[in-house]
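Shown next, in structure tokens, is the structure this report addresses.
FYI, it's all coordinate maths here, none of it is from the lab. Note that the structure is predicted; figures quoted are calculated from it, not measured. Every residue, glycine as well, gets a Cβ built from its backbone with ideal geometry; the counts of neighbours run over all protein chains shown.
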Amino acid sequence: MHISADMLFWVQQKRWLLVALVVGAILYFFVPHPQSLGPDGYHILIIILMTLILILKEPIPLPAIALQLIFWQVMIGGSTANEVGGYFMNDAVFFIMGSLMLAVAIVSQGLDKRLALGIIHLTGNKSWRIVAGFTAISAILSSFVGPHMVTAMMLPVALTLIRYTSDKGRSNTGLIAALLFSIAYGATIGSIGTPSGGGRNVIMMNYWAEFGSGSLSYIEWMKMVYPMVLIEIPITTFIILKTFPPEWQNLDTAVRRLSVEVAHAGKMSAKEIFSLFLFAGVLYGWIVLSEDYGLGSIALIGIFLFMAFGLVSWKDLSRGVNWGVILLFGATISIGVQMKNTGGAAWLAEGSVNLLQNLIPNIDALRAVVSVALSGVLSNLLSSSATVAVVGPVVLNLGGDPILLGLASVISSAFGYFTAVAAPACTIIYSSGLVKAPDFLRAGWKMAIMSVISLALVALVWWPLLR
Amino acid sequence: MTKKKPLFDPKSLKFLTAVSSVEYSKPTLKMGALIASVFDASHGVVYVGERASEFHGSSVNLTRTNLDNWNIIHPGLEVLEWALQELKKLSPENNELAKIQFNPDHVYEEDGRVRVMLPEEKGCRIELVLREGELVDQLRKEIQLENYDLAIIGGSQNKRHLAHSLIQYLPSSIFILQKFNPRKKYKLLLLVDDSIATNKSVEWGALIAEKLGWPVRTLTVSKTKRFGAGYQGAADKAKAYFDSRGIEVEQFFLTGDPVRTFVDFAGDNHFVIMGASTLNPVKQLLFGSKPIKTLEQSDVPILIVR
Amino acid sequence: MTIYIDVLFWMRQKRWFLFAIAYGLVMHFVVTPPTDLNPAAFDALIIISMALILIVTEPLPLPAIAMFMLFMQVVLGIDTANNVASSFMNDAVFFIMGSLMLAVAIVSQGLDKRLALGIITLTGHKTWRIIAGFTTISAILASFIGEHTVAAMMMPVGLTLVRYAHKDPKKVAGLTAALLFSIAYGATIGSIGTPSGGGRNVIMMNYWAEFGDGSVTYLEWIKYVYPMVLIQIPFTVLILLWTFKPEHSNLDSAVRKLVIDVAHAGKIKGREWLAIFLFVLVFLGWVFLSEDFGLGIIALLGVFLYLAFGLVEWQELNRKTNWGVILLFGAAISIGIQMNETGAAQWIAQVIITNLGRVIDSPAVLQGSVSVLLTGIMSNILSSSATVAVVGPIVLDLGGDKILIGYATAIASAFGYFTAVAAPACTIIYSSGLVKSKDFLRAGWKMGVLSLVSLLGLSLIWWPLL
């Protein structure tokens, strides 16, 4: 009796796992593979379909999803364990691991208090200027160091400001939303700016190298994409202020109390200066040396130095990193490569082009629309990095200039404004419990339209000038 | 079969109240504290928050750690802090409780479960726990982990679906406080039939009635005109039990569809106590059970004793 | 002022790190590589020797050393970042990862306690008998199902006993080390016993077939090699007891607590049955399916099942799995692959052969000592399978009785006693964080001598009889 109740509960909780398995089994055993696609490619696509179901419904923890990706590839995907292992690990995964660890190392130094002081100095105490300042700083910082680190450092500043403005009897939901979204959206629009702005950028670079479709250096990437970041910053500020008008015109007291609190920190210690110096070294390495050594190796060097100089302990690093996520990225990249190798990616690309050809006759426009739409929609469901890992091989198989299409796909995968899962920054502010899911929709659709237009602008006006 | 000993030892009971927010959970918490004091049970308060997408788990953790450095605590801990203050207000005579201070730094965190460390002195048996994830799953885990006897849960907006899962899957007795108004005068309504669970629900009912002084009614419903020996005997036994403790009981015998009759009789001024269903769980899932249907159709607080 | 003190203190703490760096710089910039060795291979050797210095003296946390090995390959230009990364992950690393996670899952179900109790009922409460029991069981199991599996399975059991012996395992360091090493070394010495004891045995059998040197059946292998396992078991127990000197001569109180806890947990419940069932499945998979899918994939499948059935929470796995050790193991494998690909491994083999050839005249003795020494040393640097794969052809080429030389090589490849990354069994016990890397050296050299002597005895006395 008790056991059957347990089993029933399990079935109820895991029903989507069962659905995925049943769908997979039916496709595997009863549906023959299409004429134009070999059995291996077909099996890889089945695995991807099952994984998509699992990620969307999350009946099992994400790391378990990563594990099933790995063993299915060996069991039905027709590759050996060592092959999967080889594709699993690459520079992008090292980069994701390294940048999570760097974030832990930097944030634990307490530099955010100085950052807060700096921002306040720049912006003064007018609400709109603070929102603008938060957006701009988040965007610029996150374009170099990734949104997760920026959000982790900025969120306390925003929440402290909010705490000091809270006034009994007067609601301040507008101010809360404006400050939090300026961080989240700022960090998100910034993350496209350079290759080190996010794991997905490195994943795309990795695919370019793996599929032999040319490459972009760090500086070239910046030249092509950074204008878009700069255009988006003021418009984002405007959208946030319009959607969530703050209740206060200026935040005198809050700003004053924040600067008093922060001033306690005193002069910068040698340790802080040294860690800033190390971090600057890593940034320099990314910008100048990444073509030779790869972004991931440089991140590892940085972490190694932080540990060697005793600035952070392995225990903190290991605890601060969710290893399941690293497994997941490794696993999705390996299936992405397999999708390309087995021809599954090309088959999907051809299929979608043929399907839509009647709608959009211009082949170039069609390719662009497919890559942007696919990445933009999926990133709201799957998170942006996983989207690039899965969609990347398909996009690069569409034909056309793989660099431009890849860039468009990476940029549009940052359009995850609608849900809390899409971008790390959105998840973080959502987890603060102060903004609700509908808020993401309210501001998100404006952000999406704005981003699509600026992407079109950059792609049609700016890129032709460069290439 | 008559048992000399009561089916439970009140001193060793453990109750769990689920709170969700400062605005909505006040009546739930109040009732939880009240009923825990009636049974002299130890009282756990759990807050189940939403879990952030695992994709960005590392980033969220990092941010949380950094927020701690800035002395900004987890929103769930704020609710728990509020809960502790409320519990103090509810029993001002409890000096031990009044001494306890809430310290957000003093927590024990393991595998997504955060327990606030409180000094375990006598007279204060309170646990404050923060969990993140899906509500039913987390409540079930908490109950299994700490062996709670009763879960006290507020009625919520999408109650139909949720309540169904709660009754179906929580391994303890369940108290669902839908439309509960602490200021209202309630009558205790005991549903009596020949199932085993009835014995226990009668004992619980007696204790509650004794301490709160609410009038007691027992209701026995039969589908046919004739009341079999089982039903009659159960009702008599219940009455005898109340009599032995000096509690007055009004007995009712009605005929008709059980659930419909319960719901109509209960109206909105009763406080229903009933035994859990003994049906096979698969049947419960497919066809529902008396407690599930009663809960779905009525608007009164229901205590389901298991 | 204080800054200088800080810096000086740091230098004192990290002197071995500085030494390793200085050594590396001198080797790379000052010393010219031997003419018959290409620069990339020379660099690979530099990295590996620096890493060995760091691993043995431990001035840095091991994961930092792992990262060091990885990025140095890129910085010195041995290979591109992507290739280094992909050599990092393979089935062996999946296996270590999966089995460490499985161990966490088993502990969280409390199965380790029951198993520990079962073993104790067999051995009794005396410490030396318990150690002997652990060594014997690990050796015999490992000889049939492989050392990896046994170490992964027994480690949680050993840890449980340690925890019961004292709240703080550091206080009973001797006992802890003796117990954990009895698992690792027991599994290692056992792994030579049958062809299924380790992948390298199968590699050797393949070579025999490929080189047309006749073939060996499962039973023949046992006849030739198993006596060595049996001889080594008692000696290993003695070495462990002698080296680590357990603090207590019996574990009465620990066993009593264990008995109470197991009794308290009551009969095996539904969830535990499920956990046992899943583990048996994984185990059968290891035995029967690993040819097709690889040990690692099956271990990961097992972890997946544990997660899917809700028997363990991911947070617990994330927190308790020693990810640093996985990094280290992967990095060691990656540098091993580079050794092989750049030709550094072959170069070492040649150097040893030529040098020994000058000292020893008799070809038969030369052959024997070359194969054993070469394999023994290399297996502490490369993984044992890789060693056999590299050394096998070289040794079989030397002439003489290829079957006997092959046996000697396969046996010597199990002499990976000296470092935490020498063999998976060693890595697994190291992941507990309760044994130091110096302990491997302390007990390892004695084990090395023992194994050499018993191999010698075996080949001089037993094999001629057959």
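Can you compute the charge dipole magnitude of the protein assembly as shown about its Cα centre, using +1 on each Lys and Arg Cβ and -1 on each Asp and Glu Cβ, nothing else charged? Give it in debye, rounded to the nearest 20. Numbers along the way, then the final one.
Working: 92 positive and 83 negative charges, 797 e Å.
Dipole about the Cα centre, nearest 20: 3820 debye.
Rg and Dmax of region A:131-271, Cα atoms, in Å?
18.1, 62
Can you compute 3J(HN,Hα) from phi for each residue in region A:247-262, using the Karplus curve 6.51 cos²θ - 1.76 cosθ + 1.60 with θ = phi - 60°, rounded to whole Hz and x for Gly and Pro?
Computed from phi, the couplings for region A:247-262 are 6, 10, 6, 9, 10, 3, 4, 4, 4, 5, 5, 4, 5, 5, 5, 5 Hz.
Among C:V390, C:S379, A:C426, whose Cα projects farthest towards the positive end of the dipole of the protein assembly as shown, with charges put on the beta-carbon of Lys, Arg (+1) and Asp, Glu (-1)?
Selected residue: A:C426.
List A:V84, B:V259, B:V305 from most exposed to least, where exposure is judged by having the fewest other Cβ atoms within 10 Å. Mind dumping the intermediate values first?
Values: A:V84 29, B:V259 20, B:V305 25.
Sorted ascending by nearby Cβ count, the order is B:V259, B:V305, A:V84.
Can you bin chain C into rounded, prolate or oblate? Criterion: square roots of the alpha carbon gyration tensor eigenvalues sorted a ≥ b ≥ c, rounded for a/c under 1.5, prolate for a/b above b/c, oblate for the rest.
Since a/c reaches 1.5 but b/c is at least a/b, the shape of chain C is classed as oblate.
In nm, to one decimal, how far is the C:K126 label point from the C:K436 one, both placed 7 Å along Cα→Cβ?
The two pseudo-label positions are separated by 3.1 nm.
Please list 3J(HN,Hα) in residue order for region A:290-304, calculated via the Karplus relation 6.51 cos²θ - 1.76 cosθ + 1.60 where θ = phi - 60°; whole Hz, with x for glycine and proline.
5, 5, 7, 9, x, 4, x, 4, 5, 4, 5, 4, x, 4, 4
Could you give the radius of gyration (one decimal) and Dmax (whole number) of the Cα atoms in region A:294-397, in Å?
19.0, 62
Assign unit charges at the C-beta atoms only (+1 for Lys and Arg, -1 for Asp and Glu), then state the dipole size of region C:28-163 relative to its Cα centre in Debye, rounded to the nearest 20. Write out the running numbers ahead of the final one.
Values: 5 positive and 7 negative charges, 179 e Å.
The dipole magnitude comes to about 860 debye.
Compactness ratio of region A:342-467: Cα Rg over 2.2 N^0.38 Å, N = residue count?
1.12
If you take the Cα atoms of region B:56-132, find Rg, then find the Kirkwood Rh from the mean of 1/r over all pairs, what is Rg/Rh? Each step should come with its number before you reach the end.
On the way: Rg = 13.9 Å, Rh = 13.6 Å.
In region B:56-132, Rg relative to Rh is 1.02.
DSSP loop (so not H, G, I, E, B), at most 13 other Cβ within 10 Å: list which GluC sites (Glu not before Pro) in region B:96-196 pass both filters.
B:E120, B:E121
Using just the alpha carbons, could you tell me how many Å³ per residue the convex hull of region B:12-177 encloses? Numbers along the way, then the final one.
Details: hull volume 19.3 nm³, N = 166.
Roughly 116 Å³ of hull volume per residue.
Using mean Cβ contacts within 10 Å as the protection proxy, how do A:461-467, A:411-417 order, highest first? Before the final figure, lay out each step's value.
Numbers: A:461-467: 10.4, A:411-417: 29.9.
Order by mean packing, descending: A:411-417, A:461-467.
In region A:293-343, which chymotrypsin sites (Phe, Trp or Tyr not before Pro) are in a loop and have at most 16 other Cβ atoms within 10 Å, using DSSP for the loop call?
Numbers: sites: A:Y293, A:F304, A:F306, A:F309, A:W314, A:W323, A:F329; in loops: A:F309.
Those that pass, being in a loop and sparsely packed, are A:F309.
Can you give me the P(r) profile for region C:91-323? Cα pairs, bins 10 angstrom wide beginning at 0, each as a whole percent.
Whole-percent P(r) values from 0 Å outward: 8, 29, 34, 22, 6, 1, 0.
Highest mean first, what order results for A:220-226, A:385-391 on Cβ atoms within 10 Å? Mind showing how you got there, number by number?
On the way: A:220-226: 18.7, A:385-391: 28.6.
Ranking the peptides A:220-226, A:385-391 by packing returns A:385-391, A:220-226.
Could you list B:L139, B:L77, C:L284 in order of exposure, starting from the residue whose Cβ has the fewest other Cβ atoms within 10 Å?
Working: B:L139 26, B:L77 18, C:L284 11.
Taking fewest neighbouring Cβ atoms as first place, the list is C:L284, B:L77, B:L139.
May I ask for the distance between the Cα centers of region A:72-90 and region C:329-378, given as a whole number of Å?
31
Suppose a student asked you for the relative contact order of region A:335-467, using Cα pairs under 8 Å spaced at least 6 residues apart; what percent would you report?
Working: 150 pairs, mean separation 29.3, N = 133.
Once divided by the residue count of region A:335-467, the mean separation gives 22 percent.
Report, to two decimal places, the Cα Rg of region A:69-169 normalised by 2.2 N^0.38 Å (N = number of residues).
Details: Rg = 20.7 Å, N = 101, 2.2 N^0.38 = 12.7 Å.
My calculation over the Cα atoms of region A:69-169 gives 1.63.
Over the alpha carbons of region B:160-306, what is the largest minus smallest coordinate on each principal axis, giving the biggest first in Å?
Largest to smallest, the principal-axis extents are 40, 39, 27 Å.
I'm checking a number: the convex hull volume of the Cα atoms of region B:217-283, normalised per residue, in Å³. What is it?
Working: hull volume 7.9 nm³, N = 67.
Taking only Cα atoms, region B:217-283 has a hull volume of 118 Å³ per residue.
Among A:G294, A:G77, A:A386, whose Cα sits farthest toward the positive end of the charge dipole of the protein assembly as shown (+1 at Cβ of Lys/Arg, -1 at Cβ of Asp/Glu, about the Cα centre)?
A:A386
So for region B:113-226, what percent of the C-alpha to C-alpha distances run longer than 22 Å? Numbers along the way, then the final one.
Details: 3311 of 6441 pairs.
Cα-Cα pairs of region B:113-226 separated by over 22 Å account for 51 percent.
Before rounding to the nearest 500, sum -39500 (n - 2.57) across all DSSP H runs of length at least 4 in chain A and divide by the residue total; then give [θ] at 222 nm in deg cm²/dmol.
Roughly -24500 deg cm²/dmol at 222 nm, from the helical runs in chain A.
Over chain B, what is the relative contact order in percent, taking alpha-carbon pairs closer than 8 angstrom and at least six residues apart? Could the numbers behind the result be given before it?
Values: 514 pairs, mean separation 55.1, N = 306.
Relative contact order of chain B: 18 percent.
Tell me the relative contact order for region A:1-78 as a rounded percent, counting alpha carbon contacts under 8 Å between residues six or more apart. If you can, show how the numbers build up before the last one.
Values: 46 pairs, mean separation 27.8, N = 78.
Averaging sequence separation for qualifying contacts and normalising by length gives 36 percent for region A:1-78.
Give me a single rounded figure for C:6-13: the average over its residues of other chain Cβ atoms within 10 Å of their Cβ.
Partner-chain Cβ atoms within 10 Å, mean over residues of C:6-13: 1.
With the alpha-carbon atoms as the only input, what is the per residue convex hull volume for the protein assembly as shown in Å³?
Details: hull volume 266.8 nm³, N = 1239.
So the per-residue hull volume is 215 Å³.
Distance from the Cα centre of region B:84-137 to that of region A:260-309, in angstrom?
So the two Cα centres are separated by 41 Å.
When the dipole is taken about the Cα centre of chain A, and only Lys, Arg (+1) and Asp, Glu (-1) are charged at their Cβ, what size is it in debye, to the nearest 20? Display every interim value, and only then the final one.
Details: 25 positive and 21 negative charges, 284 e Å.
For chain A, the charge dipole is close to 1360 debye.
Would you mind computing, in nm to one decimal, how far apart the modelled labels at B:L254 and C:E291 are, each placed 7 Å from Cα along Cα→Cβ?
Taking the simple label geometry, B:L254 and C:E291 are separated by 7.2 nm.
Work from the charge dipole of the protein assembly as shown (Cβ charges, +1 for Lys and Arg, -1 for Asp and Glu, about the Cα centre) and give the residue of B:I100, B:V116, B:L190 farthest towards its positive end.
With unit charges placed on the Cβ atoms, the residue in question is B:L190.
In what order do C:Y23, C:Y407, C:Y164 fall by count of nearby beta-carbon atoms within 10 Å, going from fewest to most? Mind showing how you got there, number by number?
Working: C:Y23 14, C:Y407 24, C:Y164 19.
Fewest-to-most ranking of C:Y23, C:Y407, C:Y164: C:Y23, C:Y164, C:Y407.
In whole Å, how far is the Cα centre of region A:378-424 from that of region A:186-247?
12
Out of region A:1-89, which chymotrypsin sites (Phe, Trp or Tyr not before Pro) are coil in DSSP terms and have no more than 14 other C-beta atoms within 10 Å?
Numbers: sites: A:F9, A:W10, A:W16, A:Y28, A:F29, A:F30, A:Y42, A:F71, A:W72, A:Y87, A:F88; in loops: A:F30.
Listed in order of number, the matching sites are A:F30.
One quarter of the convex hull surface, Cα atoms only: what value does that give for region A:1-136 in nm²? Kindly include the intermediate steps, with their values, before the conclusion.
Details: hull surface 62.7 nm².
It is 15.7 nm².
Given chain B reduced to its alpha-carbon atoms as identical point scatterers, what log10 I(q)/I(0) does the Debye formula return at q = 0.08, 0.12, 0.13, 0.16 Å⁻¹?
Here the Debye-derived log intensity ratios amount to -0.38, -0.82, -0.94, -1.34.
For peptide C:122-132, compute the average count of partner chain beta-carbon atoms within 10 Å of each residue's beta-carbon.
Per residue, the average neighbour count from other chains is 0.
How far is helix A:62-75 tilted off the main Cα axis of chain A, in degrees rounded to 10, range 0 to 90?
20
What would the Debye formula give as log10 I(q)/I(0) at q = 0.06 Å⁻¹ for the alpha-carbon point model of chain A, no solvent?
Debye curve over Cα of chain A, log10 I(q)/I(0) at q = 0.06 Å⁻¹: -0.28.
Between B:I196 and C:R319, what's the calculated FRET efficiency when r is the beta-carbon distance and R0 is 60 Å? Round to 0.05. Intermediate results must be reported in sequence, preceding the final value.
Values: r = 42 Å, r/R0 = 0.70.
Efficiency, from the Cβ-Cβ distance: 0.90.
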